[in-house]
Every structure is written in structure tokens, then in C-alpha cells.
Amino acid sequence: MKKAATAVLTCLEEAGHKAFFVGGFIRDTVLNRPVKDIDLASSARPEDVIALFPKVIPTGLKHGTVTVLSGGFGFEVTTFRTELEYENFRRPREVVFVSDITEDLRRRDFTMNAMAMDRKGRILDPFGGRHDLEAGVLRCVGEADLRFHEDALRMIRCIRFAADYGLEIEPNTWSALLANAKLLRHVAMERVRSELERMMKGSNPYRALLLLVDSRLLRNTKEKLNWALTDWILMELPPVLKHLETLPPELRWLLLAKAMKLTPIAAEREWKLLTFSQAELKRVSAFLGFDHYLESAEHHPMEMADVFKKGVLYYGEEAALTWLETMAVFHSDLNEIAVDSTAVHMHTEQWETVVLLNGLTWFKEMTVKGMDDLKINGQDVLAVTLRSSGPWLGRVLRQILGEAACNKLTNEKEALLHRAAELAIEEEKL
Ligand code: ATP
Ligand code: MG
């Protein structure tokens, strides 16, 4: 990727323009971190860039950005610019192209993001980004108070970078963040969510949550969030969240939802305010639904397998599997525990352990996990009972599904129809 990016840079220079690598690439190179993408800044105007390269995508012409496709990669080339007139504490409407790279670096958020590198690998660092990185410090470029005032999203980026890169927020930057926290209400929820997602995916999501809580930043979102994360004080942050980083990123939000004790409906509401996709809404609510279902079921040792299997039917396979994977962090050293099989009730620790230890086996035992897996359908039942359709039919099919899923009934047409006939007669008696 570096080679292909260098070819783009050289091409710009040979056409008489200035060009540098900028942003996260320099930061991650200095830190020996894996590089995700390489961005370039150039004195070339977008129209020059478009004319110069055979394959380009006009990604953000208004802001001076063109993506150059080269060597199988896409590189964003952005014209040196400053930003004018920050409107309502958001990204500016207008940008002004400039001819000097230092002017371009000055508009960037943090010193470590305001470095550039030339073709020969020499680093331009007018704001001391390297020094700050070596000292483990995250600092705004210029006057922090002004920078957060210009663009309130930078405050949440500040917390993301501090957590992800293990940096201390420089005291002046931190007090400016606290002083401007209220301005977050001018930022679209979508952009807040996108930064929150990057924090949660990052290397230290727990630290990100600590900083969010400590700063009280989330009390100021545009749409008021009604979840514990907004109200917690530092001491209230549940210790289980320290394990977030051990979970794959897609499960971390589920653990957070559980730690906040959200109901499925409440979670859906907050997720919607944060503009998560419909699929994410469904995922968190199925997970919490499954959890709540297990919690409120009878915890008789002999019944847990059936309880679990019925849960799979109601809430779906994904809910059950994500539950098993996510909830394991509450029991980091899972050991077989002694449970008296005649006991009427198990306490939470006990039944959770039993389910975590056996859930996958129970799951695999299920030859039927949904209506479609049954070897009969409604038509078959109507034919064998000679009755007309009605609500009773759904009840009979669901009963059969439950019994088949719990291996009380073989999933063969004859056995199922026999049982259907029995149940239909019972229905008639009701
Ligand atoms: P990541 O590796 O997480 O993508 P990044 O540094 O590349 O980190 P981006 O959001 O992709 O972050 O932004 C690219 C660069 O643009 C940043 O390094 C920074 O210089 C600048 N930048 C991005 N957002 C802002 C902002 N809100 N205010 C000022 N500068 C910004
Ligand atoms: Mg980036």
C-alpha cells in the first residue's frame, strides 16, 4: 500500500504540485501500529487530481477530496485547505484552499493527527505531535477551547483517541472538553454513534467508558439518551465492563446493554435514537429478551435444558448463541458446579453456570429450531383432523414444535401427525 501511495505522491509532485502523506498514517507509522489507510494532502486542486489520474472517484469535491484508485487501493487526496465559518459548532460549510501544508495541518484536531510526511519519509510536525506521542499525551492543535467550540465532535473523538491509544488527555484540553461538553447537542446523533462504535471496537473500550462517564459528555447529546451510561458516576461503572475488550466487537454492545440493565424495549429506543440499523436493534432486543426469559423461567435443574431450547425457539438461534458467548465473561473461570438435581430452585450464579456449560450441547441436540424444520405443516394437520382452520391450529403447531425441539417427539411425519390429532381432540374439549 505504501508503494502504491508513494507512486501517487510522486505523480503529483512531477506534475508540479506539493504533496504529502497526512493524518492517521503518520501517527500509526510513528507508533509502529498497523496502518489502515493512507491519506494524502496536496496543493493540487480537485480538478487537477481528476485530470492527472486515470481512475478517480469524486468523493467529496466540496471539501476538496478525490479518491485516486491505484495498485488496487483507494487513496483520498485532499487539497490543502483551511476551514471557514464553523456554523453552529459543526463542521464548516465552506472550505478555502491554501497553498501551504502547515495551514492545512493547523485545522486538524490533535497534534498527533497534524503531522505530514514527504516522499523521502521526512516528517513535518509543526505542532509537536511526535513529542506528545512520546510523552503519551493527547493535545488539541492550538487553543483547545476554540477548537472544541468550532466542532463539538472533536470532544468525542478526543475520548476515542485517548482510550484507543492509551494517552493522557493534556489538562488544558481536558478542561476545555468539560467546559464545552454542552455543545455536543449540536452534533448529529449519527456522528456520535459512529465515534461510539469506533470506541467500542477499539483496544480499550472500558477506558473509553470511564472517560465518557468522567466527562459527563453523553449528558449532552442532541436526543436525550435514557440509559445508565449517561447517569453513572465513575464508581458505579460495573466492573464486568473491564472484560469488554475480550469480546469480539459485535458482542460488546450487548454486554454494555446487559450491564446497563436495559429492557429489550428500552434498548431498542436508545439504539434507535443513536441511529443504529434495524438489524442492530433486533439483535440487542433478541439478546436481552432471551436473557430476561432465562432469568424469569423456573430454575429447576432438570428443566433447564428444555427452558433453554424453548428460548431458542422464541428468540432465535442468534440470540441464544450470542448470549452464551457474551455471558461467559461474567463467569471468567467456568467450573462444573455441584447442583443438587432435586433442588427446586437454583440461584443466578448456579443456573447461569449450568446454562453456560451445557448450552451449546443443548443447542446441538435440537434437530428442530423453527417451524420450517418440522416435517409437517398446517395443511397436513387440517387434512388429518378434517377440521377447518382457526386459532387452534397455531396452538397445536406451536405445541408440537416445542415438543419436537425438546426431543419429546420425533420429527417424522407420522409421529407428528399422530400427536397433532391428539392435541386437536384436546382442543375440541376446551
Ligand atoms: P482512524 O485511523 O481512526 O481513521 P484518522 O486519524 O484517520 O483515524 P479520520 O476520522 O479518518 O481519523 O480523519 C482523518 C484526519 O482528518 C485526522 O487524522 C485529522 O487530521 C483530520 N480530522 C478528522 N476529523 C476531524 C475533525 N472533526 N476536526 C479536525 N480534524 C479532523
Ligand atoms: Mg482514517
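The values are calculated or read from the model by the stated rules, or taken from the named source; none is laboratory data. If you're wondering where the values come from, they're calculated on a predicted model, not measured in any experiment. Positions of Cβ are backbone-derived with ideal geometry, glycine not excepted, and every protein chain shown enters the neighbour counts.
Which of the helices (runs of 4 or more DSSP H) found entirely inside the stretch 140-191 contain at least 2 residues meeting this: closer than 17 Å to Ala114 by Cα? In the stretch 140-191, 144-150, 153-164 are the helices (runs of 4 or more DSSP H) which contain 2 or more residues that are closer than 17 Å to Ala114 by Cα.
Candidates are the residues of the stretch 32-44 that are buried (at least 22 other Cβ atoms within 10 Å of the Cβ) and assigned to a loop (DSSP other than H, G, I, E, B); the one that is farthest from ligand 2 (Cβ to nearest atom) is Ala44. All of (1) part of a helix (DSSP H, G or I); (2) surrounded by 18 or more Cβ atoms within 10 Å (Cβ to Cβ); (3) more than 11 Å from ligand 1 (Cβ to nearest atom); (4) not charged (D, E, K, R) hold for Thr29 with one exception: (2).
Can you name the residue in the stretch 191-223 that is free of Cβ contacts under 8 Å to residues at least 24 places away in the same chain and surrounded by fewer than 17 Cβ atoms within 10 Å (Cβ to Cβ) and, of all such residues, is farthest from ligand 1 (Cβ to nearest atom)? Among those that are free of Cβ contacts under 8 Å to residues at least 24 places away in the same chain and surrounded by fewer than 17 Cβ atoms within 10 Å (Cβ to Cβ), it is Asp214. Of all residues being part of a helix (DSSP H, G or I) and within 13 Å of ligand 1 (Cβ to nearest atom) in the stretch 116-139, which is nearest to Asp214 (Cα to Cα)? Just the residue, please. Checking each candidate, the answer is Leu133. Across the stretch 143-190, the number of residues qualifying as of a type outside the set (Asp, Glu), over 13 Å from Arg216 (Cα atoms) and within 11 Å of ligand 1 (Cβ to nearest atom) comes to 11.
If only one of Tyr206, Tyr165 is within 16 Å of ligand 2 (Cβ to nearest atom) and of a type in the set (Phe, Trp, Tyr), which one is it? Just one listed residue meets the conditions, Tyr165. A single member of Glu76, Glu103 is in the same structural domain as Phe21 (by TED's automatic domain parsing), out of contact with any helix residue (DSSP H, G or I) (no Cβ under 6 Å at 6 or more places or on another chain) and assigned to a strand (DSSP E or B), and it is Glu76. Only one of the numbered conditions (1) within 13 Å of ligand 1 (Cβ to nearest atom); (2) in contact (Cβ under 8 Å) with a residue 60 or more places away in the chain is not met by Arg107, and that is (2).
When Lys272, Lys282, Lys258 are screened for being under 19 Å from Arg193 (Cα atoms) and outside the structural domain of Met346 (by TED's automatic domain parsing), only Lys258 passes.
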